[in-house]
1. Tell me the net charge near G70. Cut-off is 12 Å between Cβ atoms, G70 excluded, with +1 for each Lys or Arg and -1 for each Asp or Glu.
2. Could you compute the FRET efficiency for T130 and D67, with r as their C-beta to C-beta distance and R0 at 35 Å, rounded to 0.05?
3. If packing is taken as the mean number of other Cβ atoms within 10 Å per residue, what is the order of 138-147, 58-67, 41-50, highest first?
4. If we count every other residue with Cβ under 10 angstrom of I46's Cβ, Lys/Arg +1 and Asp/Glu -1, where does the sum land?
5. Around M145, under 14 Å between beta carbons, what's the net of Lys plus Arg minus Asp minus Glu among the other residues?
6. How would you order 116-123, 165-172 from highest to lowest mean count of nearby Cβ atoms within 10 Å?
Amino acid sequence: SDAADNVAEATEETYDSIKAKIVDETQDPKVSVIDIDERMTAAGMIGSPVYNTEEERIAKVSDIILDRDGNAIMVILADGDFTGLGKHVAFEYDVITRRDTNGDLIAPLSEEDIDNAMAFSYDRSDYSDTVQVIPSNGFSVAELMDSNLTDPAGETLANVDNISFREGAADQLILKFNDVLGFGGETVAMGYDDLNIARTD
């Protein structure tokens, strides 16, 4: 029991929680503070190594693809190449089965599975018998994290800083505003379902 408690405490110390204000848009607006485990966010997963059940490093998470409703439908993995610039492949998001006590992502895959998988491309014109492309209703989390929150008139209100996940779906958008060259500013969280995604030039 003591050993388990020590592991739990060490894990909590290793991974800082994101503290963000969450705005409840009702007639009586309330602002409360929520804690979001950074390991369960896009920034906590993208770029992280993936290990198989034999504790072998097999890939790196390159991206997560959401459907129009915010459900995570694909995880994009870069092969075992250390730089992450090698072959990219797509698997169903559920292939990431769990995290171990160190927070590492675990998937029941082998390097051979990745080598034999179809290559992945964001360009739909690349579709072929050997190349899988992003679905027409798919949204790249990496791309969303490089986007802005705007009002209906197109004025930028905040920058998307991160996206948290819950039960395999995007849950909260972590937004930053009033920062100067990336420093300072405030952080707020808004429900993913409360927003509309619009592609712009």
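All of the numbers you see were taken from the coordinates with simple rules; none came from a lab. Just so we're clear, the structure is a prediction, and the values are computed from it rather than from any experiment. All Cβ positions, even for glycine, are placed from backbone atoms using ideal geometry, and neighbour counts span all protein chains on display.
1. Values: positive: R68, R166; negative: D67, D69, E167, D171, D193, D194.
Overall, the nearby charge balance is -4.
2. Values: r = 24 Å, r/R0 = 0.69.
Plugging the Cβ-Cβ distance into 1/(1 + (r/R0)^6) gives 0.90.
3. Working: 138-147: 17.0, 58-67: 22.1, 41-50: 19.4.
Peptide ranking by packing, descending: 58-67, 41-50, 138-147.
4. Values: positive: K60; negative: D63.
Cβ neighbours under 10 Å give a net charge of 0.
5. Cβ neighbours under 14 Å give a net charge of -4.
6. On the way: 116-123: 14.6, 165-172: 17.1.
Highest-to-lowest ranking by the protection proxy: 165-172, 116-123.
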